[in-house]
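Structure first, then comments.
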Amino acid sequence: MIDLRIPIQPFPVVEPLIVRLREDTADHGPHDAILIGVEGIRRQYDYQGFSLELDASMETKLSNDVIMIVPGQASARRLIRADSKHNTLLVTEQCDQLCVMCSQPPKKHHVDLMRELQIAASLAPHDAYIGISGGEPLLHKKKLLAMLCELASSRPDLTFHVLTNGQHFDKDDIPLLREIGLDRVLWGIPLYAADREMHDDIVKKPGAFDRLLESFNILYRAGSSIELRTVVLAQNSEELANLSSFIGSFLPFVERWAIMQLESIGYGRMNWDTIFKDTSVDFEGVARAINIGTTKGVRVQLYNFPLCSIPAGYRDLAPATISDWKNKFESFCTDCAGRARCGGFFEWYDHKKGFKGLGPI
Ligand code: SF4
């Protein structure tokens, strides 16, 4: 697992500070710290005349990474790793749903770091694709849309994937959504069932399904790009075929439909025994959903599935989606011919309670 925090020597800041770590002095700007010395694991940077010292092994590449230094914290957060395609900015830990599989259970308290996140994104490498998540980022919609709008103008090369529960779009947002740029943001929105009660029960919010349909209508009118996301659960696995028909009939404009495996963390871990669906021994519900969706022209993808949990005929639908900083492989993966194109497992996956039908392919 890649550490997203780097130990830092005490540094005199009174509010969060965004810094880009540079190893060359060409074209450096006000947020850049320049590497001036390395001794063992300690790297010393010059930041506007101040000495900034970080501890990281030589294997850890930090050049052009963007970090956030928070007053009083002994480690800096790596917000943007320059050599990674898996950078995600966390806007808030608040949420207005309580999904049974939530990997990051919500908190009441919110710390507004939107200004800092905007600076961090503005320092990202050229053509970076940046994830934005929460909690529910659109609980802070006004600031988030303003940030995306400003970045669209200052860094038109950047694109974003925003994870949202889709409960907060209004028709008044349409002009701003268009101004941000329709191809600049892919909205990743969960839909767990075509059955209103089942969806609402999974997200633990009455009325969520109907509000979601309203939002889809708004995004459709704006011309925005949508990635539908459905985690397979014991509760909805038999419903996936219906959901597939529903998507093909009523949401044919979505960019793609991601059917996802469960992450064993947060509520996902707490509820694992009652919600995990072992698709390595019973892929039937997913297969039917794929077949129906494909027939109706829906682009179906499988996220977070170990490749060997999928019947051979469907494996080309499964990109390696588990982020590089949180994936791992099991001992039986060592000699697997599929390993190079397999995303493996979440770092926190517990094989004793997990898939029963895996093995090298
Ligand atoms: S054995 Fe491991 S590497 Fe091979 S497909 Fe299964 S999970 Fe992936």
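The values are calculated or read from the model by the stated rules, or taken from the named source; none is laboratory data. Note that the structure is a prediction, hence the values are computed from the model and not measured. Using ideal geometry, Cβ is built from the backbone for each residue, glycine included, and neighbour counts are taken over all protein chains shown. What goes into the accessible areas is simple: the full protein's heavy atoms, side chains included, and nothing from ligands, DNA or RNA. Shrake-Rupley method; radii C 1.70, N 1.55, O 1.52, S 1.80 Å.
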(request) Identify, from the list ASP65, ASP24, ASP55, ASP83, the residue that is without any contact (Cβ under 8 Å) to a residue 60 or more places away in the chain, open to solvent by less than 10 Å² (accessible area, probe 1.4 Å) and acidic (Asp, Glu). (result) ASP65
(message) Taking the condition of being open to solvent by 60 Å² or more (accessible area, probe 1.4 Å) and assigned to a loop (DSSP other than H, G, I, E, B), how many residues in the range 345-361 meet it?
(response) 4
(message) Regarding the range 292-313, can at least one residue be identified that is outside any strand (DSSP E or B), within 13 Å of the ligand (Cβ to nearest atom) and surrounded by fewer than 16 Cβ atoms within 10 Å (Cβ to Cβ)?
(response) yes
(message) Being small (Gly, Ala, Ser), surrounded by fewer than 19 Cβ atoms within 10 Å (Cβ to Cβ) and not in a loop (DSSP other than H, G, I, E, B) is true for just one of GLY72, GLY37, GLY29. Which residue is that?
(response) GLY37
(message) I'm trying to understand the selection: among the residues of the range 272-316, which are within 21 Å of the chain's Cα centre (by Cα) and farther than 18 Å from ARG229 by Cα?
(response) TRP272, LEU307
(message) Checking ALA120 against (1) free of Cβ contacts under 8 Å to residues at least 60 places away in the same chain; (2) over 30 Å from VAL232 (Cα atoms), only one condition comes out false. Which one?
(response) (1)
(request) Please state which one of GLU238, GLU255 is farther than 26 Å from PHE345 by Cβ and either surrounded by fewer than 18 Cβ atoms within 10 Å (Cβ to Cβ) or in contact (Cβ under 8 Å) with a residue 60 or more places away in the chain (or both). (result) GLU255
(message) Condition check: within 22 Å of the chain's Cα centre (by Cα) and either open to solvent by 20 Å² or more (accessible area, probe 1.4 Å) or β-branched (Val, Ile, Thr) (or both). Does ASP324 satisfy that?
(response) yes
(message) Of everything in the range 334-361, what is among the charged types (D, E, K, R) and free of Cβ contacts under 8 Å to residues at least 60 places away in the same chain? Give them in sequence order.
(response) ASP335, ARG339, ARG341, LYS352
(message) Of everything in the range 321-344, what is in a loop (DSSP other than H, G, I, E, B) and near the ligand (Cβ under 9 Å from one of its atoms)? Give them in sequence order.
(response) PHE329, GLU330, THR334, ASP335, CYS336, ALA337, GLY338, CYS342, GLY343, GLY344
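This table checks each residue for (1) at pLDDT below 95; (2) more than 17 Å from HIS199 (Cα to Cα); (3) outside any helix (DSSP H, G or I); (4) among the hydroxyl-bearing types (Ser, Thr, Tyr).
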site	(1), (2), (3), (4)
LEU240	no, no, no, no
SER264	no, yes, yes, yes
ARG269	no, yes, no, no
THR274	no, no, no, yes
ALA287	no, yes, no, no
